[in-house]
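The values are calculated or read from the model by the stated rules, or taken from the named source; none is laboratory data. In this text, all values refer to a predicted model and were calculated from it rather than measured experimentally. Note: ideal-geometry Cβ built from the backbone for every residue, glycine included; neighbour counts use all protein chains shown. These area figures cover heavy atoms from the full protein model, side chains too; ligands, DNA and RNA do not enter into them. Shrake-Rupley method; radii C 1.70, N 1.55, O 1.52, S 1.80 Å.
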Amino acid sequence: MARSSLSRYMPWLATVPAALVVWPFSAWGSAFFGVLFVLGWKDFAQTKQAVRRNYPLTGRIRYGLEYIRPELRQYFLEDDEEKLPFSRNQRAMVYARSKVQNDKRGFGSIMDMYAPQTEWITHSMQPTQLDPANFRTTVGAQQCQQPYDLSLLNISGMSFGALSPNAIKALNKGAAQGGFAHDTGEGSISTHHREPGGDLIWQIGSGYFGCRTPDGRFDPERFAAQAQSPQVKMIELKLSQGAKPGHGGVLPRAKVSPEIAQARGVPMGQDCVSPAKHSAFSSPVELLLFITRLRELSGGKPVGIKLCVGHPAEWFSVVKAMLETGHTPDFIVVDGSEGGTGAAPIEFADHVGMPLRDGLRLVHNSLVGVGLRERVRIGASGKVISAFDIARCLALGADWCNSARGFMFSLGCIQSRSCHTDHCPTGVATQDPVRQRAVVVTDKAQRVYYFHANTLHALADLVGAAGLQKPGDITAHHLMLRNADGQARSLASHIDTLTPGQLLGAATAHTPWPSPFAEYWAASQAQHWGAVSA
């Protein structure tokens, strides 16, 4: 065997003479080196990992360092403004606001104000004072018997099953204290949602959990029984989510606990499957008729859709179906592809779905262009965590915002990115009864409440500094953005804007349609998903 080859095995082989030398002085020490020799032999003999096979014993160091690499990066190497996916400064801001600690920063900003994509809001020499208690928007006023007065910041959809029972209780209790809404996620309504009594937005996905027949179809009777509960304020039909649009999901049967089975209406001992698409409708027109049916079954509560925009032509088909049928959802929540509370394949997380700002503007422009914007409210979700994030979304066309990971941070999440492993170190995203006890409901509920309250207070300061009377007055003209050439321009100059009713006429040389309307609008059909070729 060559000398270079022998050197790779020396640390392992050296355990044999070490054990012999230590033996007269300490049997335990000799046994320790004996154990190291056995581990090295296992490395040498195994066939799964090449590094351990070539470097017995010492090869384990590589895998150990790789295992703790995220923690080493987060605590020692990560820049304060490096967003992976949230920066240390963003997390620190949430922690401070949720604990009612000092969230101010001394000695100025650490941001490079002249870097491309730098953003700021234009302030006024006549600032105003606003009361964040009035930061609400009414959903369903035009066609619902029970419209809902919604906060401008709410908890985005996260299911029981993805989050622990204590996390769900703390979120809902905080929402009850603060008077804002808690989206259930598609895992339906559990006893942990019911117990604190906070307002619920019941999300219904393709699995129809909580309102399904034994074979997984929509059950109108079970739906009506749940939807007519006074605690349920709105119903959200999920078409897709930003974390993994166009992809279904499976909760393995080993994770289907009796509580999860009861909440979702699924049997024990079987995988809990969320199909990639709905079975209750097969066209845009059928989608809108289904929404109308849900509104009737709920007793006249607001019903809307949540989607991450994909093919623009498919979204245009939904808009044309609104025009053709006269039926509209009461609200649309636009989820950006940067959303991330749902575990997803890497390709879906990185390369599928439209980011929030693009999707939000497209949905807003579409409804403006057909004269339906005043009838349909728009929510926005996707890395919304600060008052400026909310202001930006409002400027792009949103009426309110939802946050998922922001509220997870308020519960104590440390961004370990182990949500999909059931080994969450803070007990937020796990069903492990030992781990989840770390979430003390009474304490964490207060933090949820304060994060919401202090963020809206910061929004009031921001809107007041701009000299505006209410958050809804923010437009793209109030935000500035530095482009790649280093020039500062208003956000309005960077985005497309349609005039009311513009899509109801034909594009002209004087009023051309921006992309993607020019490419896909004319070919989209209400009876089909997407463009139909001639």
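What the table shows:
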quantity: Residue list for segment 250-298, restricted to those being among the polar types (S, T, N, Q) and either modelled with pLDDT of 90 or more or out of contact with any strand residue (DSSP E or B) (no Cβ under 7 Å at 6 or more places or on another chain) (or both); calculated: SER257, GLN262, GLN270, SER279, SER282, SER283, THR292, SER298
quantity: Index of the failed condition, CYS393 passing every other in (1) in contact with a helix residue (DSSP H, G or I) (Cβ under 9 Å, 6 or more places away or on another chain); (2) open to solvent by 10 Å² or more (accessible area, probe 1.4 Å); (3) free of Cβ contacts under 8 Å to residues at least 40 places away in the same chain; calculated: (2)
quantity: Complete set of residues in segment 208-265 that are within 22 Å of ARG194 (Cα to Cα) and among the β-branched types (Val, Ile, Thr); calculated: VAL232, ILE235, VAL256, ILE260
quantity: Test: residue in segment 164-186 that is open to solvent by 10 Å² or more (accessible area, probe 1.4 Å), at positive phi and without any contact (Cβ under 8 Å) to a residue 60 or more places away in the chain; calculated: yes
quantity: Matching residues, segment 489-534, being part of a helix (DSSP H, G or I), of a type in the set (A, V, I, L, M, F, W, C) and within 16 Å of ARG361 (Cα to Cα); calculated: LEU491, ALA492, LEU503, PHE517, ALA518
quantity: Number of positions in segment 324-354 that are at pLDDT 95 or above and out of contact with any helix residue (DSSP H, G or I) (no Cβ under 8 Å at 6 or more places or on another chain); calculated: 3
quantity: Extreme residue, nearest to TRP315 (Cα to Cα), among residues of segment 500-524 that are open to solvent by 80 Å² or more (accessible area, probe 1.4 Å) and within 32 Å of the chain's Cα centre (by Cα); calculated: TYR520
quantity: Matching residues, segment 111-135, being out of contact with any helix residue (DSSP H, G or I) (no Cβ under 8 Å at 6 or more places or on another chain), open to solvent by less than 100 Å² (accessible area, probe 1.4 Å) and in a loop (DSSP other than H, G, I, E, B); calculated: MET111, ASP112, MET113, ALA115, PRO116, THR118
quantity: GLY310 vs. criteria outside any strand (DSSP E or B) and over 30 Å from TRP521 (Cβ atoms); calculated: no
quantity: Selection status of GLN142, open to solvent by 40 Å² or more (accessible area, probe 1.4 Å), in a loop (DSSP other than H, G, I, E, B) and modelled with pLDDT under 95; calculated: yes
quantity: Hits in segment 430-440 - residues which are open to solvent by less than 40 Å² (accessible area, probe 1.4 Å) and either closer than 19 Å to GLY406 by Cβ or not in a helix (DSSP H, G or I) (or both); calculated: THR430, VAL439
quantity: Members of segment 218-248 that are open to solvent by 30 Å² or more (accessible area, probe 1.4 Å), assigned to a loop (DSSP other than H, G, I, E, B) and touching an Asp or Glu at 6+ places or on another chain (Cβ under 7 Å); calculated: GLN241
quantity: Counted residues, segment 187-217 - those being part of a loop (DSSP other than H, G, I, E, B) and open to solvent by 20 Å² or more (accessible area, probe 1.4 Å); calculated: 8
quantity: Residue that is surrounded by the most Cβ atoms within 10 Å (Cβ to Cβ), among those in segment 460-488 that are in contact with a strand residue (DSSP E or B) (Cβ under 8 Å, 6 or more places away or on another chain) and assigned to a helix (DSSP H, G or I); calculated: HIS478
